[in-house]
Amino acid sequence: MRLVVGLGNPGRRYENTRHNAGFLVLDRLAERLHASEWRRLDRALVAEGAVDGEKVVLVKPQTYMNLSGLAVRALLDWFKLTPEALLVIYDDMDLPVGRLRLRLEGSSAGHKGMESVLAQVGTEKVARLRVGIGRPAPPMAARDYVLSPFSPEEARSAAQALERAAEAVLCWLRQGAERAMNIYNSDQNLP
């Protein structure tokens, strides 16, 4: 069994914002997996599907971004899984819009949601897929930027990146992390 967690903030106000890239990828993944309806489990919304006979649980923490780790820890415990079964998807301002980066471990690099996950699971050895959202143009504050939708000029690249992120997760599930990194971390895979 695998746990695929998309980070974001609950509520209509945040639905299509850059900071909800993780939720947006999970929506696309749920469609591809013909996953069950989203239901509440502890501090998250979950949907279940399967890839090649292996159960995959999609998770949208409902704790708000900075406390995402609480929901992740609770569900790892509920399903009796270790961090090796986990993949976390989230937005990254250090990557341009449209760029993906899959890694198997590392620090949070200042992302509060990922920081919470790493603190709760007790290791930096957590697979993560970062979705590039780019940096704000001055004088826009980072907080305002991440809570804004993609601009009309970015919309196409962002939509393609979200689709490619869903494909990257499926590749990670079917063919393993190394293969997914080789394909989806490459500049050649940009639109």
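The values are calculated or read from the model by the stated rules, or taken from the named source; none is laboratory data. Keep in mind that what you see is a predicted model, and the values were worked out from it rather than measured. Neighbour counts run over all protein chains shown; Cβ positions are idealised from the backbone, glycine included.
The listed residues are Arg28, Arg32, Arg99, and the only one of them that is among the charged types (D, E, K, R), within 19 Å of Ala180 (Cβ to Cβ), in contact with a helix residue (DSSP H, G or I) (Cβ under 9 Å, 6 or more places away or on another chain) and surrounded by fewer than 17 Cβ atoms within 10 Å (Cβ to Cβ) turns out to be Arg32. Within region 64-89, the set of residues being more than 15 Å from the chain's Cα centre (by Cα) and part of a loop (DSSP other than H, G, I, E, B) comprises Lys80, Leu81, Thr82.
To keep it simple, each residue is scored yes or no on (1) modelled with pLDDT of 95 or more; (2) acidic (Asp, Glu); (3) touching a Phe, Trp or Tyr at 6+ places or on another chain (Cβ under 7 Å).
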site: Leu104; (1), (2), (3): yes, no, no
site: Ser108; (1), (2), (3): yes, no, no
site: His111; (1), (2), (3): yes, no, yes
site: Leu118; (1), (2), (3): yes, no, no
site: Val126; (1), (2), (3): yes, no, no
site: Gly132; (1), (2), (3): yes, no, no
site: Ala137; (1), (2), (3): no, no, no
site: Val146; (1), (2), (3): yes, no, no
site: Pro149; (1), (2), (3): yes, no, no
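Scanning region 163-182 for residues that are out of contact with any strand residue (DSSP E or B) (no Cβ under 6 Å at 6 or more places or on another chain), over 14 Å from Val88 (Cα atoms) and among the hydrophobic types (A, V, I, L, M, F, W, C) returns a single hit, Cys171. In region 73-83, of all residues being touching a strand residue (DSSP E or B) at 6+ places or on another chain (Cβ under 8 Å) and of a type outside the set (Gly, Ala, Ser), the one that is surrounded by the most Cβ atoms within 10 Å (Cβ to Cβ) corresponds to Leu75. Among the criteria (1) over 16 Å from the mean Cα position of the chain (by Cα); (2) at pLDDT 95 or above, the one Val46 does not fulfil is (1). Taking residues in region 36-47 that are closer than 15 Å to Leu67 by Cα, and partners anywhere that are among the basic types (Lys, Arg), the pairs with Cβ atoms closer than 9 Å and at least 6 places apart or on different chains are Ala44/Lys60; Leu45/Arg39; Leu45/Lys60. Just a yes or no: is a residue in region 155-178 outside any helix (DSSP H, G or I) and crowded, with 21+ Cβ neighbours inside 10 Å? Scanning region 155-178, I find no residue that is outside any helix (DSSP H, G or I) and crowded, with 21+ Cβ neighbours inside 10 Å, so the answer is no. Take the residues in region 141-154 that are in a helix (DSSP H, G or I) and not aromatic (Phe, Trp, Tyr); name whichever of them is surrounded by the most Cβ atoms within 10 Å (Cβ to Cβ). Filtering region 141-154 for residues that are in a helix (DSSP H, G or I) and not aromatic (Phe, Trp, Tyr), the one surrounded by the most Cβ atoms within 10 Å (Cβ to Cβ) comes out as Val146.
Within the span defined as region 121-140, every residue fails to be in a helix (DSSP H, G or I), of a type outside the set (D, E, K, R), more than 22 Å from Gly106 (Cβ to Cβ) and in contact (Cβ under 8 Å) with a residue 24 or more places away in the chain.
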